[in-house]
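Enquirer: The following block contains the structure, expressed as structure tokens.
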Amino acid sequence: MADDIEESDLFIIDRRGDPKNLEFGRPHRYSVPAYHRFGHGRLLGAARSVRLDRDQDTGQFAVLSSVTDRDLVRVSRPLYSKQPATRERKLRLVAPVTQELLQSDSDFVALHPGLKQKRRSASPQHGHICDYRSIESKARGPPSTLDSDLASGSDSDGRVDEDAVDLQTRQESAVLSKQIKHAPKDVETWLRLITHQAKVLCPHGGNPTFGQKRTIADLRLAIYDQALQCITVGEPGHERLLLGMLDEGAVVWEASKLAKKWTEVLTRCPTSFSLWTKYLDFIQADHVNFSYETCKGAYLRCLQILRNARDFGQKSTEVGLVQVRVIMRFAAFTRDAGYDELANSIWQTLLEMTFFKPADLADNSAVLKSLEEFWDADVPRIGEECAPGWARYAEGNIASPLRKTISQEASSVVAGQSIQRFVDQEVKFERGMHLPAALDNDDEFSEDPYRQVMFTDVGPFIEPLLDGLPTEAVVNAFLIFMGLPQIPYGGSNCLAREWQLDPYLAALDQINQKALCAGVIELTTLSLFDDAFDAFKQRSSSQSIDRNELASFVDRILGALIDVQPSDDCLAEYYLAYKLAVSPVEARKLAKRLLKGRPSSLRLYNAYALVEASLDRMPKAREVWEIAINRSGQLSDSSEDHAVLLWHSWVFSLIRAKDEREALHTLLAMLDNHLDSEVKGDASASAVQRLKASRFFEEMWERSLYTEKVHHAFLYAECHIWFVYLTNQGMIAPAMDIFEKYAIRAEQSRQRLGVELIYQAQARLLRAHLQHHRAYKPAALRLALTKGLQIFPNNGLLIDTYAKIGSCSRIEDRLRSSLWHGEVGSESSLVAWSHFLSEEVRRCNEEASGSTANSVRSSFTRALLSPDSRVKHSVALWTLWLQFESSWLLSASSAQVKKNAALAKARQVFLDGLRMLPWSKSWIIEGLRLFSREGGMSEGELRQVYHVLAERELRVRVNVGEVEFGLSKSA
């Protein structure tokens, strides 16, 4: 009979039936479509005359009855009935109250009341209610509405997509394996295959778990072994494979095995400075075998390897830059271990050797001997008062006074006193500025020998650097070491920005909120005089020491460098910006003095005008800019090109002062290079002026790019963007259109620096637009910044502007997910993690939705406890985590149980940090201070933590005597 029935797409014939009916004796509950009641027992989808009959409901089946049948039952009246009334209580179904009319275009129809009914609970559900002990009560997802012999199309589509992804992954693996067979010496193919293993194990993306990371590392190590058999020592790419193998081995190998592998690798490639620099990370972070002297010896061997590389004819400039980074890392390491005098002595010696070396020295041995004589003479050195310089001392024509003791004297703690006193004094000394003590004071040497630095202490580290280092890189390295921004417009700026991403370089006393969120940006003259030194000022103001000690040391060094390099306008501009930040009153005097020595420098004129504008002296600043612009036409062509710097700074000083009318007037004057004495008319421009401005700015943009003056091209582009913005009454859309044109042109010219500067100009425009509270579309602004963040994910200005847009539009949850979801992982940099974690902590403190204490801890765990994280050895992030956990101690002060739980979490964070930061003395002192005051550690545990200082050979300034036996008073 079934053969006679014609198949149709309108219905499906079930030839088998449901076997579950025989098994359970009734229809399978998961195959029965769900029904919904409405309107006094009616059934949705059934005829209006059909209702659910409660009298015949058995709990297993729902009986439907027609209205006529129910009416027959209701004919009899209970009061006139001869039969006694039943005592059975009957309930009726109350129709749900609809609050709103049904919308024809709504996505769903709400079948339950939205408001709570008064004086009664919601209407009971009269369907089949399973007992909580029954297996039928287990959640199995929504019941299927399909027959037993049908499959869901959506499930099938999902499986098809997964199969397609798996197939594509296997095909890529096969292609890479085939390429390796044909070209086994191609290191790039090997690396692509190694990277592809993460996709093999997790083809659908997402953050892998800890177990998956170990599995991926095992797979990659096996491929590394095969690659190293094909690409042997001396062949191109061998060192890259070794570095990758060691990185993956750090995930799965034990510390002893990893140390053994490092020994084997360095024995195989003893002259590889890339391996040696990477070895420094390992030896400094090896908490099992760490000691100060061992790590110090590793730095010395690395410097000697780099010197040998220069002797054998390798690229001198490239090796010199690596030497600068290694010596900077060593100085930061000695500072973090507590040996501040040695760290500052290294910089004094290096700067004297780079900028003040006598010219008549024949060879390196003579240089080293003369430098030793200068050091042992104990005359003032660079950064100290009345410092003559090495060259002038070698001439013998001056009588220099002896040095003054700058290193603070150590104190002692009486035996049996609390550990808190020891910690407080150590913190006090840590925040001081420590230069080497005078050599003629034997009493100080006997009390604390590390306060005096002999030439035998610094000489071995300076000797490998006698061949000379790039001067610009040396200055930038010193500034970064001191927590200052680098000098703009330099050739080594890209390398300096890479140094700022090094998690080993930030000291504990350099950490504050501005420093964490400042990020890495491309500095310009305008940003230098705006907020570049805010983090340094906040760091100085937050410390209890006299800020003049640190500021004066840097000030004297910058002044000495200006004296020896009077023609360096960029350095002079930087010095003026620094002086304005730390001593605004003296900045004007310094600017006038520098201009007397360089009266033809337009950059110095501009810096002087910016100083006046920053001091709210706009009339004087305008006068300086007018004089400089009038002189620009009388100078050479190279100096005349700097005129755009004058116009740009003038315009943006007016914009910062919220004088947009005069700013537009200045931009119009820029087109004719003609200045009017007063501003006339409104802030508008005619069509002719707009066309003229467009042609002028675009022509000057092209000219500057052609002459490879990228910074000048950027200034013209930003002036054009602001001209369009001001002439359109503050409408953001036309200005964004102009920005898109310049961004595309910059990308086509392959000027990465120009592209970043353009995106920073866009960010400044958006920030100003938000400050004026003008209309905008948040989605459009976020979309405009997204591309810049994809190209420059570490640019702090772009990230901060993106976050500001989100906070102004109250979409923080969407911002959090769109900006960071899937973007912050083990490969993320220090800047990305700093912004993300700071935002998470802020949201948690403000009790924002979507962020809790546990979510913050989870984020910190991903950043700092993941074995393949790039920032797990960052003192800055670990300190941020400990501060977050410590903040809960104050909020839990009323409840002892909560306080104990908060102490336990803070204790675990401290112990994890003790393992990840073995070289940091400040971390140990911070932990001792916290737990000696708040509790959380017993006497024995505090004693063990204190002894870690001696075990790791870290510096202790306070003469403790027998204080370790008085720890019980702190418990």
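Enquirer: Out of region 301-324, which residues are farther than 18 Å from Glu463 by Cβ, within 31 Å of the chain's Cα centre (by Cα) and either of a type outside the set (Ser, Thr, Tyr) or modelled with pLDDT of 90 or more (or both)?
Expert: Of everything in region 301-324, those that are farther than 18 Å from Glu463 by Cβ, within 31 Å of the chain's Cα centre (by Cα) and either of a type outside the set (Ser, Thr, Tyr) or modelled with pLDDT of 90 or more (or both) turn out to be Glu318, Leu321.
Enquirer: For Met700, state whether it is touching a residue at least 24 places away in the same chain (Cβ under 8 Å), over 26 Å from the mean Cα position of the chain (by Cα) and farther than 26 Å from Gly490 by Cα.
Expert: No.
Enquirer: Please determine whether any residue of region 398-408 is assigned to a helix (DSSP H, G or I) and at pLDDT 75 or above.
Expert: No, the conditions are met nowhere in region 398-408.
Enquirer: Here's something else I'd like to know. Here's a check for you: in region 192-215, which residue that is touching an Asp or Glu at 6+ places or on another chain (Cβ under 8 Å) and under 23 Å from Lys181 (Cβ atoms) is modelled with the highest pLDDT?
Expert: His196
Enquirer: Within region 354-363, is even one residue part of a helix (DSSP H, G or I) and under 37 Å from the mean Cα position of the chain (by Cα)?
Expert: There is at least one residue in region 354-363 that is part of a helix (DSSP H, G or I) and under 37 Å from the mean Cα position of the chain (by Cα).
Enquirer: Find the residue count for region 553-604, including only residues that are closer than 23 Å to Ala387 by Cα and outside any helix (DSSP H, G or I).
Expert: Count: 5.
Enquirer: Within region 227-245, take every residue that is assigned to a helix (DSSP H, G or I) and without any contact (Cβ under 8 Å) to a residue 24 or more places away in the chain and give me the one that is farthest from Cys269 (Cα to Cα).
Expert: Gln229
Enquirer: Could I ask something else about it? State whether one or more residues within region 375-388 are at pLDDT 75 or above, part of a helix (DSSP H, G or I) and aliphatic (A, V, I, L, M).
Expert: No, because not a single residue in region 375-388 is at pLDDT 75 or above, part of a helix (DSSP H, G or I) and aliphatic (A, V, I, L, M).
Enquirer: Sticking with this one: Would region 721-728 turn up any residue that is free of Cβ contacts under 8 Å to residues at least 12 places away in the same chain, in a loop (DSSP other than H, G, I, E, B) and closer than 22 Å to Arg661 by Cβ?
Expert: For region 721-728, residues free of Cβ contacts under 8 Å to residues at least 12 places away in the same chain, in a loop (DSSP other than H, G, I, E, B) and closer than 22 Å to Arg661 by Cβ: present.
Enquirer: Further question: Specify the residue that is surrounded by the fewest Cβ atoms within 10 Å (Cβ to Cβ); the eligible residues are those in region 605-622 that are in a helix (DSSP H, G or I) and of a type outside the set (A, V, I, L, M, F, W, C).
Expert: Among those residues, the one meeting the criterion is Pro619.
Enquirer: Across region 661-720, which residue is modelled with the lowest pLDDT among those that are of a type in the set (Val, Ile, Thr) and surrounded by 15 or more Cβ atoms within 10 Å (Cβ to Cβ)?
Expert: Val679
Enquirer: Here's another thing I want to ask about it. Would you please name the residue that is modelled with the lowest pLDDT, looking only at residues in region 623-639 that are exposed (fewer than 15 other Cβ atoms within 10 Å of the Cβ) and in contact with a helix residue (DSSP H, G or I) (Cβ under 8 Å, 6 or more places away or on another chain)?
Expert: Among them, the one singled out is Gly633.
Enquirer: Considering region 272-299 alone, what residues qualify as being surrounded by fewer than 15 Cβ atoms within 10 Å (Cβ to Cβ) and more than 26 Å from the chain's Cα centre (by Cα)?
Expert: Residues satisfying the conditions are Val288, Asn289, Glu293, Thr294, Gly297.
Enquirer: Determine if region 242-262 includes at least one residue that is under 27 Å from Ile327 (Cα atoms), in contact with a Cys (Cβ under 9 Å, 6 or more places away or on another chain), surrounded by 14 or more Cβ atoms within 10 Å (Cβ to Cβ) and of a type in the set (Phe, Trp, Tyr).
Expert: no
The values are calculated or read from the model by the stated rules, or taken from the named source; none is laboratory data. Not measured: the values here are computed from a predicted model. Glycine also receives a Cβ, built like all others from the backbone with ideal geometry; neighbour counts cover every protein chain displayed.
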